[in-house]
Amino acid sequence: MSVKVYGVPGSPYVRAVLVGLEEKGAAYDFVAVAGPQTRQAEHLARHPFGRVPAFWHDGFALYETQAILRYIDGAFAGPALRPRDLKEVARMDQLIGICDWYLFPQVGVTIAFQRIVKPLIMGGTPDEAIIAKAIPNAERCYAVIAGFLHAPFLTGAQVSIADLMIACQMSMLAKTPECQAIIAKHPPLRDWLSRMEARPSLQKTDLLPRKAA
């Protein structure tokens, strides 16, 4: 089987797809796409909205991270990435929604972008006002997600798509002093992230540059 993942190295959404493939033990090729290339015709043919990741499997093209991860779970052998219990599936979907609608746009796009992407990749200076304004949103996101953690993983006894997506976001955010301080207020969540980051799948897919301003 031929699998290709197209994306910007370091993107937490791209990383989540790579982690899913690693968890399944599926072979794949990662095709790095630079930020400006996402607006060019070649990439727009893969993803008409100019985002990442884009996914290809034996002629089947797909985009949107959670759709890709659900497909990976069904298409490849290996440990299931979705629980069987109806309530756990519902909780997984709820947490994915929190990741997509609150954690990423309210915290990742603000704090992570200003602290990591802007200085390290774009050569700019963090906007401290944007970061300060985002901290209450970050506090709320972390507290809400921590409130769901009553088992080794976010939805129960096994790792799920929600764990993969949120861990990839929080792993990036943990490289900022603001989010380091916030997660320290929630020791079980901090420990969960440490366990997730220790998994071989996350170890192999940390493509973010090491030094940030």
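Worth a mention:
- Sequence-separation-based contact order of region 91-193, relative, with Cα cut under 8 Å and 6+ spacing, percent: 34
- Note on the chain: dipole from Cβ charges, positive end direction compared against Gly35, Gly74, Ile121; the farthest Cα belongs to Ile121.
- Added length on full extension, which subtracts the Cα-Cα distance from 0.36 nm per residue, Lys133 to Lys204: 22.2 nm
- Spin-label model, Ala181 to Val31: label points 7 Å out along the Cα-to-beta-carbon direction sit 4.3 nm apart.
- Neighbours of Leu62 by Cβ distance under 15 Å: Lys/Arg scored +1, Asp/Glu scored -1, total +1.
- The chain - Debye-derived log10 I(q)/I(0), Cα point model, q = 0.12, 0.14 Å⁻¹: -0.61, -0.84
- Highest average first, the peptides 61-67, 127-133 ordered by how many other beta carbon atoms sit within 10 Å of their residues are 61-67, 127-133.
- Relative contact order of region 3-75, pairs being alpha-carbon contacts under 8 Å that are 6 or more residues apart, as %: 38
- When only Cα pairs below 8 angstrom with a gap of at least 6 residues are kept, the chain shows a relative contact order of 25 percent.
- Compactness relative to 2.2 N^0.38 Å, alpha carbon Rg of region 86-203: 1.05
- Rounded, prolate or oblate (a/c below 1.5 giving rounded, otherwise prolate when a/b exceeds b/c) for region 44-97 by Cα gyration tensor: oblate
- Farthest positive-ward along region 86-203 dipole, Cα basis, beta-carbon charges - from Cys168, Gly97, Leu86: Cys168
- Under 12 Å of direct C-alpha separation, and excluding same-chain neighbours fewer than eight residues apart, Lys24 reaches these aspartates and glutamates: Asp73.
- Local electrostatic count, Arg82, Cβ distance below 15 Å [Lys/Arg +1, Asp/Glu -1]: -1
- Each part gets one Cα centre, and for region 157-172 versus region 1-66 those centres are 18 Å apart.
Since every read-out is calculated from the coordinates, none of them should be taken as a lab result. These figures come from a predicted structure and were not determined experimentally. Ideal geometry is used to build each Cβ from the backbone, glycine not excepted, and the neighbour counts take in all protein chains shown.
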